[in-house]
Amino acid sequence: MPGLLEGKNVVVTGGGRGIGSKIIEMVISEGGNAAFLDIEEPKAYPRGALFQKADISKEEDVKESFLNIEKELGDVYGLVNNAAISHPPVPGEDVTADLLYRVFAINVFGAFYSTKYALRSMLKIGKGSVVSISSVIGKVGSKNSSVYASSKAALLGMTKSNAVTYASRHIRFNAVLPGYVETPLIEEAARKSGDYEAYMKNLISLHPLGRLGNAEEIAGLVVYLLSEESSFITGSEIVIDGGYTSI
């Protein structure tokens, strides 16, 4: 029985670890061909994935990466805008231009550039699917996280506008909004907090299901949205948060 993405070429930004790496694994397991962009080549990544070294905040890097991917794999059917950075808590009165630029350059500009060059492939083949990894923080906010929250909210506007623009061209756009997920970034933040157990306990308490999410759960939803099984879903914001936004 063919996989959900049999023979389809999918690009994932920030695929070196965490959710991105798991998405790549699942794309390949569902019969797809996966390529990923990241700032540095990871020591290990899913077998069969095509790596492209790129700083996605630079349009030329993204353009060159997509040209290379098309030469190696062919036209791109799917894109996952996954690459993102966060920042330490910063109240609004202390937000700097440097912080704004650093976060938006990756989280927003990078997603726009990647979408731009993926679309050129998708328009050629007459179909495609773009999934952007936003966050529940982009929907409900979080204390002293206005820059990160704004960057993730920007992806929602991009998703809805593009969904309307390209629906007649059979290219779908959706956003996934995870709650807190067990990733290396969360582990690192917990260690830096000075009290690992208290930090993790607090995060878990925010989710009525009583646990954090895992990368496999996010990846499964993303692969479904990439696949033609979800052909009637576009312009949607799909929350996967263990009840975080229901409190």
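Listed here are the residues, each with its yes/no results for (1) out of contact with any Ser or Thr (no Cβ under 6 Å at 6 or more places or on another chain); (2) free of Cβ contacts under 8 Å to residues at least 60 places away in the same chain; (3) closer than 26 Å to THR183 by Cα.
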| site | (1), (2), (3) |
| --- | --- |
| ASN9 | yes, no, yes |
| ALA35 | yes, yes, yes |
| ASP38 | yes, yes, yes |
| ALA44 | yes, yes, yes |
| ASP55 | yes, yes, yes |
| ILE69 | yes, no, no |
| PRO91 | yes, yes, yes |
Among the numbered criteria (1) among the charged types (D, E, K, R); (2) without any contact (Cβ under 8 Å) to a residue 24 or more places away in the chain; (3) touching a Ser or Thr at 6+ places or on another chain (Cβ under 6 Å), which single criterion is violated by ASP75? (2)
Is there a residue being loosely packed, with under 13 Cβ neighbours inside 10 Å and more than 30 Å from GLY32 (Cα to Cα) anywhere in the stretch 223-230? no
Are any residues in the stretch 128-144 without any contact (Cβ under 8 Å) to a residue 60 or more places away in the chain and surrounded by 18 or more Cβ atoms within 10 Å (Cβ to Cβ), and if so, which ones? GLY128, VAL130, SER132, SER135, ILE137, GLY138
Name the residue, out of LEU73, LEU79, LEU37, that is touching a helix residue (DSSP H, G or I) at 6+ places or on another chain (Cβ under 8 Å) and farther than 26 Å from ALA189 by Cβ. LEU79
Within the stretch 193-247, residues within 26 Å of PRO89 (Cα to Cα), charged (D, E, K, R) and in contact with a strand residue (DSSP E or B) (Cβ under 7 Å, 6 or more places away or on another chain) come out as GLU237, ASP241
Got a sec? Which of ALA84, ALA118 is assigned to a loop (DSSP other than H, G, I, E, B), in contact with a Gly (Cβ under 9 Å, 6 or more places away or on another chain), hydrophobic (A, V, I, L, M, F, W, C) and touching a residue at least 12 places away in the same chain (Cβ under 8 Å)? ALA84
Find the residue count for the stretch 189-242, including only residues that are outside any helix (DSSP H, G or I), more than 20 Å from the chain's Cα centre (by Cα) and of a type in the set (Gly, Ala, Ser). 3
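For the stretch 155-168, does any single residue satisfy the condition of being free of Cβ contacts under 8 Å to residues at least 24 places away in the same chain and either in contact with a helix residue (DSSP H, G or I) (Cβ under 6 Å, 6 or more places away or on another chain) or assigned to a loop (DSSP other than H, G, I, E, B) (or both)?
Within the stretch 155-168, the subset free of Cβ contacts under 8 Å to residues at least 24 places away in the same chain is 157, 161, 165, 168.
From what is left, the residues that are either in contact with a helix residue (DSSP H, G or I) (Cβ under 6 Å, 6 or more places away or on another chain) or assigned to a loop (DSSP other than H, G, I, E, B) (or both) are none.
No: the stretch 155-168 contains no residue that is free of Cβ contacts under 8 Å to residues at least 24 places away in the same chain and either in contact with a helix residue (DSSP H, G or I) (Cβ under 6 Å, 6 or more places away or on another chain) or assigned to a loop (DSSP other than H, G, I, E, B) (or both).
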Condition first: loosely packed, with under 15 Cβ neighbours inside 10 Å and assigned to a loop (DSSP other than H, G, I, E, B). Now tell me which residues in the stretch 56-73 satisfy that. LYS58
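Quick note: the coordinates plus some simple rules give every number you see, no bench work behind them. From a predicted model like this one, the values you see are computed outputs, not experimental measurements. In this analysis, Cβ positions are derived from the backbone assuming ideal geometry, glycine residues included, and neighbour counts consider all displayed protein chains.
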